[in-house]
Amino acid sequence: MIKYQHVLVASDLTDGSDIVIKKAEELAKQMGSHLSLLHVVEPLPGYGYAFVGSAEIELQLVEEAKRQLAKLGKQLNVKEGDQYVEIGPTKIEITRVAEEIGVDLIIVGSHGRHGLSNLLGSTANAVVHNANCDVLTIRLK
């Protein structure tokens with residue numbers, strides 16, 4: 001059996017992501033893996049111009065994400081240095097952080113969409129195709 005040394009769980013911090021986090025926690029415990037947490041704040045669309053207050057809103061989103069990730073980190077016993085909140089396109093930031101911190105497994109949730117919505121680009125699909133390590137997708141309902 002393959003043993004992963006460092007697992008990154010990427011979460012959107014919604015109620016639906018609980019299952020992803022629980023499965024990541026169980027897997028990391030079973031394998032004795034180091035666990036890191038990531039949340040990505042998508043940049044607010046500017047439509048060619050900066051809309052008033054967008055920087056303040058992004059800062060508030062980042063601060064709230066840090067609070068939620070800290071709470072989650074405490075529950076999972078994940079140190080603050082292993083909790084990441086980034087701003088950018090989610091699919092790019094997940095693979096960038098994973099490579100930067102040297103993980104060998106990324107765990108993400110997937111809604112399992114098909115057809116047109118899949119062609120338009122799911123985050124999980126992009127991570128699977130662009131990551132330099134294994135990716136485990138957990139089906140969300």
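The values are calculated or read from the model by the stated rules, or taken from the named source; none is laboratory data. Given the structure is predicted, the values throughout are model-derived calculations rather than measurements. Backbone-built Cβ (ideal geometry, glycine too); neighbour counts: all protein chains shown. Keep in mind that these areas ignore ligands, DNA and RNA; they rest on the heavy atoms of the full protein, side chains included. Shrake-Rupley method; radii C 1.70, N 1.55, O 1.52, S 1.80 Å.
Here are a few candidate values for Cα extents along the principal axes in Å: (1) 50, 32, 25; (2) 51, 37, 28; (3) 52, 23, 23. Which one was actually calculated from the structure I just gave you?
(2)
So if R0 is 30 Å, what FRET efficiency would Ile57 and Glu80 give, r being the distance between their Cβ atoms, rounded to the nearest 0.05?
Approximately 0.80, to the nearest 0.05.
For Val41, what accessible area in Å² do you get when you roll a 1.4 Å probe over the heavy atoms of the protein chains, rounding to the nearest 10?
Accessible area of Val41: about 10 Å².
Tell me, what is the percent relative contact order of the chain, built from C-alpha pairs under 8 Å that lie six or more residues apart?
Reported as a whole number, the value is 30 percent.
Can you give the FRET efficiency for Ile19 and Glu100, using 1/(1 + (r/R0)^6), R0 = 25 Å, r = Cβ-Cβ distance, to the nearest 0.05?
Once rounded, the FRET efficiency stands at 0.40.
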